[in-house]
Amino acid sequence: MKKLLMLAGILLITMTSQTSLLATENVASQQDIDGRLLDLGNGTCQDVKTGQIWQQGTSPKLKTLEKANEYIKTLNLGGYTDWRLPTVNELYDLHLTVDLHENGNCTLKSEGSYWSDEPDDKGRVGAWEMDDNCDPERQYTPKKAGRIRAIRDIKNVKNS
C-alpha cells in the first residue's frame, strides 16, 4: 500500500509539473495519433500532451556528468541545438508512457540507465526499474553510468 501511495504521489507531481500546451511547430492533436508520442521523422518524438520533444535514440553509455553535459552541448538533432538533460520525473513519465503502450507511432527503448539533471544542477544517473515484487510500478535505482535521451522544451524555439 505504501508503494502504491508513493507511485500515486509521483504521478501527481509529474502530471502537475507538466504543461498542457501543444507545440506550435510540428503540431499534432491527440486525435491524430494513437498514443501520446508522435514520431516527427527526424530522430525525435513529440509528446502531444506536454509539447516537449524527445530524442528518439540515445547516446553511448557515459560515466560522468561532465561527459553527459558535453554530449548535450554538442547535440544537433532535428535542426535544434537547445537540448537538455531531462529530470528524473520526466524520465519516469516517459517510462510510464511506454509501459502503458501510449507511445503512439514513436519507437523507442526505455530500458536501461539514463542521465538526468535537476534544478539543483546535480546530475544523476539511474534507472526506473520494475519493482522486485513484479508489481506494475517502477522504482528509481542509482547507477554508475548511463545513456542520454535528450529533451527540449517547445518554448525554446532556437533553430540551428
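The values are calculated or read from the model by the stated rules, or taken from the named source; none is laboratory data. On a predicted model such as this, the values are computed, not experimentally measured, just so you know. Cβ atoms come from the backbone with ideal geometry, glycine included; neighbour counts cover every protein chain shown.
Quick notes on this one:
- Residues satisfying the stated conditions in the stretch 62-83, i.e. under 26 Å from residue 144 (Cβ atoms) and surrounded by fewer than 17 Cβ atoms within 10 Å (Cβ to Cβ): 63, 64, 65, 66, 67, 70, 73, 74
- Failed item in (1) free of Cβ contacts under 8 Å to residues at least 24 places away in the same chain; (2) under 16 Å from residue 143 (Cα atoms), with residue 61 passing the rest: (1)
- Residue within the stretch 79-99 that is more than 23 Å from residue 143 (Cβ to Cβ), in contact with a Lys or Arg (Cβ under 7 Å, 6 or more places away or on another chain) and among the small types (Gly, Ala, Ser) present: no
- Matching residues in the stretch 81-104 - criterion: being modelled with pLDDT under 95 and over 11 Å from the mean Cα position of the chain (by Cα): 99, 100, 101, 102, 103, 104
- Residue pairs whose Cβ atoms lie under 6 Å apart, separated by 6 or more positions or on different chains, with the first residue in the stretch 78-101 and among the charged types (D, E, K, R) and the second surrounded by fewer than 18 Cβ atoms within 10 Å (Cβ to Cβ) and assigned to a loop (DSSP other than H, G, I, E, B), are 82/156; 82/158.
- Selection of the stretch 46-66 for residues being in contact with a Phe, Trp or Tyr (Cβ under 9 Å, 6 or more places away or on another chain) and farther than 13 Å from residue 154 by Cβ yields 55, 58, 59, 60, 62, 65.
- So residue 114, is it in contact with a Lys or Arg (Cβ under 7 Å, 6 or more places away or on another chain), over 18 Å from residue 39 (Cβ atoms) and in contact (Cβ under 8 Å) with a residue 40 or more places away in the chain: yes
- Residues of the stretch 109-135 that are touching a helix residue (DSSP H, G or I) at 6+ places or on another chain (Cβ under 7 Å), outside any strand (DSSP E or B) and modelled with pLDDT of 85 or more: 123 alone.
- Residues of the stretch 80-125 that turn out to be of a type in the set (D, E, K, R) and closer than 18 Å to residue 65 by Cβ, as a count: 8
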